[in-house]
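The values are calculated or read from the model by the stated rules, or taken from the named source; none is laboratory data. Values in this document were obtained by computation on a predicted structure and should not be read as measured data. Note that we place each Cβ from the backbone using ideal geometry, even for glycine, and neighbour counts take in every protein chain shown. Remember, those area values only see protein heavy atoms, side chains included, never the ligands or the DNA or RNA. Shrake-Rupley method; radii C 1.70, N 1.55, O 1.52, S 1.80 Å.
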Amino acid sequence: MTQASRRTPLYDLHVELGGKMVDFAGWEMPVHYPLGIMGEHQHCRNKAALFDVSHMGQVLLHGDAAAAQMETLCPQDFTTLPQGKARYALFTNDTGGILDDLIVSNAGDHLYVVVNAALRDQDLPLMRAALTDVTVTELTDYALLALQGPAAESILAPLCPAAADLTFMQTIQADILGSPCRISRLGYTGEDGYEISIPNDNATTLARALLAQDNCAPAGLGARDSLRIEAGLCLYGNDISQTTTPVEAGLSWAIQKRRRTNGGFPGAEIIQNQLQNGAPRKLVGLKPAGRAPARAGVEIQSAQGAKIGEVTSGGFGPTIGGPVAMGYVSAAQAAPGTDITLIIRGKPQPATVVALPFVPQNYKR
Amino acid sequence: MTTYYSEEHEWITVDGDTATLGITQHAADQLGDIVFVELKDQGDEFSQGDDIGVIESVKAASEVYAPLDGEVVEANETLADNPASLNDHPEGDAWIYKIKLANADQLDELMDLAAYTDFIG
């Protein structure tokens with residue numbers, strides 16, 4: 001570690017709950033609790049799980065030009081994003097690569113932005129440089145809790161009735177336990193659920209109130225990872241990076257029509273060309289035939305034995321009951337059903353390209 | 001029968017010149033939910049320190065290191081279909097190998113239960 005680990009406002013609660021604390025992006029975070037990754041994963045799919053994601057960067061953009069100027073950094077449409085709506089977005093670079101993925105919400109008089117923990121030191125200067133007459137404020141006095149799973153609504157609604165009325169990717173400001181919160185119906189598990197931005201001082205009280213309900217268990221980063229892989233969601237640094245384009249990563253859906261046509265974002269020429277003509281490689285789901293998990297870095301070969309790519313995320317999928325992985329393959333090998341070979345510890349293991357997600361998304365539309 | 005323990009969190013019980021090898025409950029607890037096991041075949045010979053198998057949990061892959069020289073007499077084949085049994089009974093039914101010891105003197109380098117209990121603190 002090059003710098004001292006940081007702790008979220010929920011640190012003491014994690015320790016009290018028996019969380020196994022590890023360093024993650026410079027933060028001391030729970031990788032799992034006594035229930036274990038498998039149990040926490042299943043609890044999220046079947047009932048609900050509470051994650052501390054306060055390490056992520058929360059940023060407020062105040063200023064009339066914020067939406068228009070964010071469009072110079074991202075291939076998303078923010079100027080027509082309705083108030084109360086959140087949108088998945090990407091910072092791109094001049095070669096069409098991805099600098100970070102983020103969520104941008106129209107909060108009425110400002111944009112509310114959530115960026116990856118490890119990249120706040122890149123993203124804040126990036127926004128401060130590009131956004132003129134816009135105040136860029138990091139929200140350091142707010143924690144972020146993710147309540148995820150089919151029981152999320154029934155757990156949160158008694159504390160915040162308005163939460164029940166939200167649909168996927170909607171966001172509101174509302175009071176919870178007497179403190180002003182932002183509640184957004186989204187997440188990183190493939191399940192229905194919420195992310196709740198709450199003042200640091202009240203975060204532990206809210207977490208305890210949610211965990212007091214039978215259907216809610218705390219879950220750590222381990223389950224967060226296995227849940228998002230099964231949901232086919234990209235992890236920055238693994239599945240997307242400065243050298244992968246949105247089109248290669250299967251994120252073309254996140255680029256709205258006006259932006260595809262008009263460009264005006266970093267790397268537009270390359271990304272527009274790939275949108276039109278296809279990308280040379282694609283991020284796909286990979287289902288190993290055997291039981292051996294294929295983790296990041298495993299070589300992917302064609303059935304004929306030529307190297308065609310690498311696994312970028314993978315492990316055991318508790319809901320699938322077997323190994324699941326994602327990785328890049330050349331476009332010619334990217335169709336679902338294509339037989340490929342994974343080289344795991346030097347041994348070839350058969351696998352098949354499959355459509356993502358592995359587990360159907362369970363969002364409230 | 002005496003049980004010996006290695007710093008790599010394995011146990012070995014010795015009965016004549018054959019021994020049974022497994023991982024300790026402490027190791028299983030640290031690994032978390034075990035989902036995959038890959039073992040050597042009967043007749044494979046190995047030296048102390050060799051990588052003689054892989055145990056994967058939901059979290060990560062871990063090697064099994066040979067605590068001494070020997071030869072695989074039998075690998076526990078039930079583990080392939082039921083890797084989770086390593087979490088439940090790592091010091092019982094979920095043993096990993098029956099081995100033939102090549103050099104019984106190497107047992108002296110291992111710990112007894114009291115020393116191992118101390119070792120894991």
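What pairs come up if the first residue lies in the range B:63-90 and is over 18 Å from B:Gln42 (Cα atoms), the second is in a loop (DSSP other than H, G, I, E, B), and their beta carbons are under 6 Å apart, counting only those six or more places apart or on different chains?
Listed by first residue and then by second, the contacts come to B:Ser85/B:Ala94; B:Leu86/B:Ala94.
Return the only residue of A:Tyr188, A:Tyr194 being open to solvent by less than 20 Å² (accessible area, probe 1.4 Å), touching a Lys or Arg at 6+ places or on another chain (Cβ under 7 Å) and closer than 26 Å to A:Arg365 by Cβ. Outline the logic, then answer.
Details: A:Tyr188 fails: open to solvent by less than 20 Å² (accessible area, probe 1.4 Å).
None of the others qualify; the one that does is A:Tyr194.
For residues that are in a loop (DSSP other than H, G, I, E, B) and open to solvent by 20 Å² or more (accessible area, probe 1.4 Å), tally how many sit in the range B:85-107.
Step one: list which residues in the range B:85-107 are in a loop (DSSP other than H, G, I, E, B), which gives B:89-96, B:102-103.
Right, trim to open to solvent by 20 Å² or more (accessible area, probe 1.4 Å) and you get B:89, B:91-93, B:95, B:102-103.
Result for the range B:85-107: 7.
Looking at the range A:27-75, which of the residues that are among the aliphatic types (A, V, I, L, M) and closer than 30 Å to A:Asn273 by Cα is most open to solvent (accessible area, probe 1.4 Å)?
A:Ala68
Pick from A:Gly309, A:Gly278, A:Gly285, A:Gly314: which is over 30 Å from A:Asp165 (Cβ atoms), within 14 Å of another protein chain (Cβ to nearest Cβ) and not aliphatic (A, V, I, L, M)? Give the derivation first.
Values: A:Gly309 fails: within 14 Å of another protein chain (Cβ to nearest Cβ); A:Gly278 fails: within 14 Å of another protein chain (Cβ to nearest Cβ); A:Gly285 fails: within 14 Å of another protein chain (Cβ to nearest Cβ).
The match here is A:Gly314.
Filtering the range B:49-74 down to residues that are part of a loop (DSSP other than H, G, I, E, B) and open to solvent by 20 Å² or more (accessible area, probe 1.4 Å), which residue is farthest from the other protein chains (Cβ to nearest Cβ)?
Looking only at the range B:49-74, we keep the residues that are part of a loop (DSSP other than H, G, I, E, B), and these are B:49-50, B:58-60, B:66-69.
After this cut, where a residue has to be open to solvent by 20 Å² or more (accessible area, probe 1.4 Å) as well, the list is B:49-50, B:59-60, B:69.
Numbers: B:Gly49: 18, B:Asp50: 14, B:Lys59: 6, B:Ala60: 8, B:Asp69: 23 Å.
Taking the candidates together, the pick is B:Asp69.
Are any of the residues in the range A:124-140 outside any strand (DSSP E or B), without any contact (Cβ under 8 Å) to a residue 60 or more places away in the chain, under 26 Å from A:Arg45 (Cβ atoms) and touching a Leu at 6+ places or on another chain (Cβ under 8 Å)?
No, every residue in the range A:124-140 fails to be outside any strand (DSSP E or B), without any contact (Cβ under 8 Å) to a residue 60 or more places away in the chain, under 26 Å from A:Arg45 (Cβ atoms) and touching a Leu at 6+ places or on another chain (Cβ under 8 Å).
So which residues in the range A:127-179 are at positive phi and open to solvent by less than 20 Å² (accessible area, probe 1.4 Å)?
If the condition is that a residue be at positive phi and open to solvent by less than 20 Å² (accessible area, probe 1.4 Å), then A:Gly149 is the only one that fits.
A:Leu233 is checked against (1) over 27 Å from A:Met70 (Cβ atoms); (2) in contact with a Phe, Trp or Tyr (Cβ under 7 Å, 6 or more places away or on another chain) and fails just one. What number does that condition carry?
(1)
All but one of (1) closer than 30 Å to A:His43 by Cα; (2) in contact with an Asp or Glu (Cβ under 6 Å, 6 or more places away or on another chain) hold for A:Ala143; state the number of the condition that does not hold.
Here A:Ala143 meets the rest and fails (2).
Looking at the range A:294-313, which of its residues are open to solvent by 60 Å² or more (accessible area, probe 1.4 Å), assigned to a loop (DSSP other than H, G, I, E, B) and not polar (S, T, N, Q)?
Answer for the range A:294-313, where residues must be open to solvent by 60 Å² or more (accessible area, probe 1.4 Å), assigned to a loop (DSSP other than H, G, I, E, B) and not polar (S, T, N, Q): A:Ala296, A:Ala303.
For B:Glu45, all conditions in the list (1) more than 14 Å from every other protein chain (Cβ to nearest Cβ); (2) crowded, with 20+ Cβ neighbours inside 10 Å hold save one; what is the number of the exception?
(2)
Report, ordered by the first and then the second residue, all pairs with beta carbons closer than 6 Å, sequence separation of six or more or different chains, a first member in the range A:28-50 that is more than 14 Å from chain B (Cβ to nearest Cβ), and a second member that is surrounded by fewer than 22 Cβ atoms within 10 Å (Cβ to Cβ) and modelled with pLDDT under 95.
A:Glu28/A:Ser5
When the range A:317-353 is examined, which residues are found to be within 13 Å of chain B (Cβ to nearest Cβ) and surrounded by fewer than 17 Cβ atoms within 10 Å (Cβ to Cβ)?
Selection gives A:Ile320, A:Gly321, A:Arg345, A:Gly346, A:Lys347.
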